[in-house]
Amino acid sequence: MKKVQEELEALREALRKHNYNYYVLDVPTISDYDFDMKLKMLQELEEKYPEFFDPNSPTLRVGGAVTKKFETIVHEHRMYSLDNSYSKDDLLDWEKRIKKLVDGVIEYACELKYDGASISLTYENGELTKAVTRGDGVQGDNVTANVKTIKSVPLKLKGDYPDKFDIRGEIVLPFDGFHKMNEQRIANGEEPYRNPRNTASGSLKLQDSAEVAQRPLECLLYNLAGNNLNIESQFESLEKARNWGFKVPNAAKLATSIDDVLDFVNYWDVKRHELPYETDGVVIKVNNLQQQEELGYTSKAPRWAMAYKFKAEQVSTVLNTITYQVGRTGAITPVANLEPVELAGTTVKRASIHNADQIEKLDIRVGDTVFVEKGGEIIPKIISVDISKRSIDSKPTVYATHCPECDTELIRTEGDAKHYCPNVNGCAPQIIGRIQHYISRKAMDIEGLGGETVALLVNEGLISNYSDLYALTKEKVIPLERMAEKSADNLINGIKQSINIPFERVLYAIGIRYVGETVAKKLAKHYKSIDNLISASQEDLEQVDEIGVKIAESVILFFLDQENVQTINRLKQFGVQLEISHDELKDQTDILKGEIIVVSGVFEKVSRNELKKFIEDNGGKVSSSISSKTSFVVAGDKMGPSKKEKATALNIPLLSESEFLQKINKI
């Protein structure tokens, strides 16, 4: 039996090597026939000796696993979005910001931005254990069975890889493969696919992995995430990933200035049309990983990276009508309904016009020939009007005066770009929108309840605000259209489970204008309960870190509305978390209250993120730059010399990692 096992392992290893040479290096060392014969031999041996099963065997590339529902998995390391830039000025502004925050010479890793479906692969002990879609960046769908069929994804690594890490990249569909798939579909009398990106993304969610295996998908990797990876730069991480067996694009450059970066951008803006994949720009990253760590993240994106987008494609078409949409805050958004036109691989029928000022500025009129662009936004926008084609009887657009849904007269406050419907509690889209926001993933994340069901519940008169959700019963929802018994059970159970969601997310979920995820966390941490927040004065609110006049006014106005207060009181009765839990409070102190602290350098005992959390949990504020207001610096190894000089010049104390941990009673 040992001899059989050795033969199996030798075959698997040989096939992995041939697979890597063919799909990653593009240098085949064996004929297709010989490869197929070896694969067939391995399949026969595995069927005969199932006791030697290997979850990452090359035979699993052909697929066969069927997934009815994709499991949702929380990313161990969040997948952030990237900020976009469109000009040299944008990049220079970015460079100024980062130079204020880090010491030393800054180099930039420039890589092409491939347009595919983002993926995070997890490897443990050199084996692929998980493949998860980006999702909302916090959590995504487990598509491991489908990704295992992609030949350029290594199932087992080679070399000096870390014990555990994630690697991020894009699943792409090369143009050649896309055109062949469409030729086949047309021959079969089927509708051709629209574009490679959407086809690649859709492939990951196919239920039958054998069908995915038939598609010529590729996986291009570009970013490592994990702890103690012993890598010092982005460029080094690309080289390491190549050595471990990943398909890492070679089109990358190390730049020492923004002019170098723009040379790379300008070169690829022309040459990208020769690439086998779709690309829509360049990603620029601070190369040094320690500098990346010092720069950190905003609530949405890393400060150390920027996407430079190639000039967006434009097309002209006719504007047929302008309609108006009502958002959950009552904001009115004009929408251009267009003569359908192909743009960037998709059929565009609608475009954003933003607000009344935009209509007036561009003099947009129904019947005009307009130029539409798909830039950084997902929804295309009108950028100009072809006046030469305008009809002589054309009339200027008169902006809507009343809500298109409830006919209430619209209001517009001074300094605000948008018009609003003030009928907060009687306008259906506002009611539905607020409840849809409440149940969303980053808010209460109520499983079994989607946006369409919310609309149905409101329209059927079963709910009129989000507190009504907790009074729903199975008997009430069963009669709803397309509501089976199991769906009703899932919906009611999902609502019950949501009472365990922590206070900071509930505060975001209730939908106070301008209170996003980050602001909700700040307010929850500071006030610790909804009652304390309701009692706060505007002056008091403005003293909270990063809370300005606009947010403070919005919070006050929200709680002046008695209907909102009644809704909050009902949530309390149903057991929703409207204060920080005892478990969260026990780790919090006021030891660092009023202190502004800078963290700089490399640390041994805890990570930089843990240090920042300790500061916030003990009442302090983390700052990224040293000033006369800085209380002290937690100084690790390799602290930047200019930061050290500035701290010394301002007589700001430098605490070692151990001294800081002692100060907050952690050692």
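The values are calculated or read from the model by the stated rules, or taken from the named source; none is laboratory data. Just so we're clear, the structure is a prediction, and the values are computed from it rather than from any experiment. When we count neighbours, we look across all protein chains shown, and the Cβ atoms used for this are built from the backbone with ideal geometry, even at glycine. Keep in mind that these areas ignore ligands, DNA and RNA; they rest on the heavy atoms of the full protein, side chains included. Shrake-Rupley method; radii C 1.70, N 1.55, O 1.52, S 1.80 Å.
Quick notes on this one:
- Net charge, LYS605 excluded, C-beta distance under 11 Å - Lys, Arg +1, Asp, Glu -1: -2
- Computed about the Cα centre, the dipole magnitude for the range 536-609 is approximately 260 debye when only Lys and Arg (+1) and Asp and Glu (-1) carry charge, each at its Cβ.
- A dipole drawn for the chain from +1 and -1 charges on Cβ atoms has a positive end, and of VAL102, LEU112, VAL424 the residue lying farthest that way is VAL102.
- Using alpha carbons only, the radius of gyration of the chain set against its Kirkwood radius gives Rg/Rh = 0.98.
- Anisotropy class of the range 92-204 from Cα gyration tensor, a/c 1.5 cut: oblate
- Our estimate of slack between LYS205 and ASN230, defined as 0.36 nm per intervening residue step minus the Cα-Cα distance, is 5.6 nm.
- Equivalent ellipsoid semi-axes - Cα gyration tensor, the range 213-305, angstrom: 23, 20, 13
- Spatially proximal aspartates and glutamates relative to LYS612 (Cα-Cα < 17 Å; intrachain offsets below 8 disregarded): GLU293, GLU294, ASP545, GLU546, GLU584, ASP587, ASP590, GLU595, GLU604, ASP637, GLU657, GLU659
- For the range 264-353, the number of Lys pairs separated by eight or more positions or lying on different chains, with C-alpha atoms closer than 22 Å, is 8.
- Distant-in-sequence amide contacts of GLU313, defined by a placed amide H-H separation under 5 Å and a gap of 5 or more residues or a different chain, comprise LYS374.
- Per-pair calculated FRET efficiency, R0 = 56 Å: ARG412 and SER625 via Cβ, rounded to 0.05: 0.90
- Charge dipole (the chain, unit charges on Cβ, about Cα centre) - positive-most of PRO154, SER201, PRO653: PRO653
- In a reduced charge model with +1 at each Lys and Arg Cβ and -1 at each Asp and Glu Cβ, the range 79-194 shows a dipole moment near 200 debye about its Cα centre.
- At full extension, SER394 and LYS158 could sit 78.2 nm farther apart than now, given 0.36 nm per residue minus the alpha carbon distance.
- Those trypsin sites (Lys or Arg not before Pro) in the range 536-620 that DSSP places in a loop and that have at most 13 other beta carbons within 10 Å: LYS593, LYS605
- Both radii come from the Cα set of the range 228-373: Rg as radius of gyration, Rh as Kirkwood radius; their ratio Rg/Rh reads 1.10.
- Taken about its Cα centre, the chain carries a charge dipole of about 300 debye when Lys and Arg each add +1 at the Cβ and Asp and Glu each add -1 at the Cβ.
- The stretch between LEU585 and ASP93 holds 173.1 nm of extra length on full extension. This uses 0.36 nm per residue minus the Cα-Cα distance.
- Net charge, GLU107 excluded, C-beta distance under 11 Å - Lys, Arg +1, Asp, Glu -1: +1
- DSSP-assigned coil residues among GluC sites (Glu not before Pro) in the range 149-258, each with at most 11 further Cβ atoms within 10 Å: GLU190
- If you sort the three axes of the alpha carbon gyration tensor as a ≥ b ≥ c, you get a/c of 1.5 or more for the range 505-664 and a/b above b/c, which makes it prolate.
- The label point for TYR80 and the one for SER384, both projected 7 Å from the Cα toward the Cβ, are 3.6 nm apart.
- Among the cysteines of the chain, those whose beta-carbon sits 4.7 Å or more from every other cysteine beta-carbon are CYS110, CYS219.
- Theoretical ellipticity at 222 nm over the chain - DSSP helices of four or more residues, -39500 (n - 2.57) apiece, nearest 500: -10500 deg cm²/dmol
- Residues whose placed amide H lies under 5 Å from that of GLN325, excluding near-sequence neighbours: THR333, VAL335
- Residues GLU610 and GLN325, FRET efficiency given R0 of 41 Å [Cβ-Cβ distance, rounded to 0.05]: 0.40
- Here the label points at ASP176 and ALA10, each 7 Å from Cα along the C-beta direction, are separated by 3.3 nm in the simple model.
- At R0 = 60 Å, FRET efficiency that the Cβ-Cβ distance of ASN651 and LYS3 yields, to 0.05: 0.20
- Taking label positions 7 Å along the Cα-Cβ direction at both SER658 and THR347, the computed distance is 7.0 nm, reported to one decimal.
- For the Cα trace of the range 357-512, dividing Rg by the Kirkwood Rh returns an Rg/Rh value of 1.11.
- Of the trypsin sites (Lys or Arg not before Pro) found in the range 130-166, those in coil by DSSP whose Cβ has at most 14 other Cβ atoms within 10 Å are LYS158.
- For the range 135-193: Kirkwood Rh in Å [reciprocal of mean 1/r, alpha carbons]: 14.9 Å
- For LYS40, a cut-off of 25 angstrom between C-alpha atoms picks up these lysines, skipping any fewer than 8 places away in its own chain: LYS2, LYS3, LYS17, LYS48, LYS148, LYS151, LYS156, LYS158.
- Normalised per residue, the accessible area of the range 600-665 is 53 Å², obtained with a 1.4 Å probe and no contribution from ligands, DNA or RNA.
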